[in-house]
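As structure tokens, the structure follows; a few thoughts come after it.
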Amino acid sequence: MYKQQPQGFRDFRRPGAWRGYETYWDMPWDLQRVHPLAPTERLLKPWKIALLAVAAVLALALTIGLLAYFLVFDQQLFYYNGNFKVMGIPNSDDLARRASSEFRELSRRIEKQIDNTFVDSSLRKKYIRSHVIRLSPDPSGVVAQVVLVFLFCMDNRPALREKVESVLQQKLNQYSGPLQIHFSSSTFSDIKKEKAEALFNDFCGLRRNKSKSVRTSNRVVGGVSSAEPGDWPWQASLQQNNVHRCGATLVSNTWLVSAAHCFAQSSNPHVWSVTFGTVLYPPRIKRYVQAIIMHEKYQYPANNYDIAVVKLSERVEFTNIVHHVCLPDSTQTFPYNSDAVVTGWGALDDGRPGPNVLREATVKLIDPDTCNRKEVYNGIITPGMLCAGYLEGGIDACQGDSGGPLVTPDSRGMWYLVGIVSWGHECAKPNKPGVYTRVTYYRDWITSKTGL
Ligand code: 4AZ
């Protein structure tokens, strides 16, 4: 190793310095070692080695950090639009109507089959969801327009699309599931985020970046956590002189559904305004009211027919943060004991003024027989009412939540308005669950007033 040229050395050009050797390097190595003019920096000093080691560790950590960042955090959603031909489906006019049970059921099956296709593929960790946008009957079956969503960490669009297409081509066409779905790449294209979001926002009941199920949630009464922007985009606040009075639910660009008792004092549209967004003050959007239609048979202070529809004076454009919930068909059923979510700015149990940020609570749908038991509501629950909450009490809607939504998701992650906060014996008391206006019961009345 002494034969290698060191980095620092003394004046090796001085004549006679090398004991008869022409240069220091020509001396045998044992003489090199003892020679008084031997270079001083033959080896790296320990502190330099330590410094280099620290620098190497830092460089390694930085590389790993950057790699992890690009792999985990720098991921983007990619959207694709495709037409899929579904064979062997009996033709029916109802298939084209989004709210029909035929549309919902076939869409659910198509989405499930596409889910399974990607779950079985190398893209399983990248695939987020698919959503049927339109079903068009066709002489040989049905053409389904589907938007597919992926989370990728690189931006090589043509290569990614080819990969998605090849999985669909190979797996879907050979998949022996209950539906025969044919994929053709000729109609498959990537679409911009804005276009995909507009398609989704045009669809009722979809929540931004949310899972398909009811998540564990805190209470409206006594709750400590609040909703985040876009969590419940259909929730509205009905206000008089900018003071929150009741909740309401957006069901189209211009119509809201609420409770008739909210308008018992005044049903003059000019004294009411409507705001949207999870925060009351300042609101994200504000609108004035053109018309209020209360159920003709509603009579204050009775609890029957507690429903009203409200028409906005100017439409709201749907965004991620503000859009409409799905109205169920009159025949749609929601199983008792399943979870639903009630939201509102109503009073909390300690009697303080209501919160400024929207609250949410998960409650259970209670069957009418249980709710009509002697120790519960003793037979006063009518077919137009729906009970939800807990017989042990503790979690409930309360004053100020009235008129607001009770919603539940279907298996496709689309949220339906099942109830309107109506009444109850105080709030969150044992054996006194919340009572809601049953939306399916009044579905035809809603159509008769709004055309929806
Ligand atoms: C109200 O007064 C009210 N616990 C709303 C809901 C409930 C009770 C009262 C349900 O608007």
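The values are calculated or read from the model by the stated rules, or taken from the named source; none is laboratory data. Note that the coordinates shown come from a computational prediction; the quantities given were computed from them, not determined experimentally. Glycine also receives a Cβ, built like all others from the backbone with ideal geometry; neighbour counts cover every protein chain displayed. Note: areas computed on protein heavy atoms with side chains; ligands, DNA, RNA excluded. Shrake-Rupley method; radii C 1.70, N 1.55, O 1.52, S 1.80 Å.
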All aspartates and glutamates inside 18 Å of Lys193 as judged from Cα atoms, apart from same-chain residues fewer than 8 positions distant: Asp74, Asp155, Asp202, Glu317
Using 0.36 nm per residue, how much length does the chain from Tyr441 to Gln399 gain when fully extended, once their Cα-Cα distance is taken away? 12.8 nm
Check cross-link reach from Lys449 to the lysines: straight Cα distance under 28 Å, and skip same-chain residues fewer than eight apart. Lys286, Lys297, Lys311
Pairing rule first: another cysteine's C-beta must sit under 4.7 Å. Under that rule, which cysteines of the chain stay single? Cys153
Heavy-atom accessible area order for Phe78, Phe334, largest first, 1.4 Å probe: Phe334, Phe78
Distance (nanometres) between label positions extended 7 Å along Cα→Cβ at Leu77 and Asp30: 7.9
Rounded to whole Å, sorted largest first: equivalent-ellipsoid semi-axes of the chain, Cα gyration tensor: 66, 32, 20
Quick calc, Lys364 & Asp138: beta-carbon distance into FRET formula, R0 35 Å, rounding 0.05, result 0.25
How would the range 293-342 be classified by its alpha-carbon gyration tensor: rounded, prolate or oblate, with rounded meaning a/c under 1.5 and the a/b versus b/c comparison settling the rest? oblate
Compute the normalised compactness of the range 127-178: alpha-carbon radius of gyration over 2.2 N^0.38 Å, N being the residue count. 1.36
Using a Förster distance of 22 Å, the FRET efficiency for Arg157-Arg124 (Cβ separation, nearest 0.05): 0.60
Using just the helices of the chain, give the 222 nm mean residue ellipticity in deg cm²/dmol: DSSP H runs with n ≥ 4 each add -39,500 (n - 2.57), and the total is spread over all residues, rounded to 500. -5500 deg cm²/dmol
Quick check: residue separation of Glu317 and Ser184 times 0.36 nm, minus the Cα distance between them. What number comes out in nm? 44.5 nm
Would you tally the net charge around Phe118, using a Cβ to Cβ cut-off of less than 12 Å, leaving Phe118 out, and scoring K and R as +1, D and E as -1? +4
For the table Lys126/Lys364; Lys85/Lys364; Lys85/Lys195; Lys112/Lys163, the rows whose alpha-carbon distance is greater than 29 Å are Lys126/Lys364; Lys85/Lys364
Below 8 Å between Cα atoms, with a sequence gap of 6+, how large is the relative contact order for the range 281-390 in percent? 19
Output ³J(HN,Hα) for the range 385-399: one whole-Hz value per residue in order, computed from phi by the Karplus curve 6.51 cos²θ - 1.76 cosθ + 1.60 with θ = phi - 60°, and x for Gly and Pro. 10, 9, 8, 8, x, 9, 5, 6, x, x, 10, 6, 7, 8, 3
Set the Förster distance to 35 Å, then compute FRET efficiency between Ser411 and Asn372 from the Cβ-Cβ distance, nearest 0.05. 0.75
Difference of contour (0.36 nm per residue) and Cα-Cα distance, Glu228 to Ala96: 44.1 nm
Mind jotting down the distance between the C-alpha centroids of the range 122-182 and the range 363-433, whole Å? 40
Result row for the chain, helices from DSSP H with C-alpha axial extent 24 Å or more and mean Kyte hydropathy at least 0.0, is 46-68
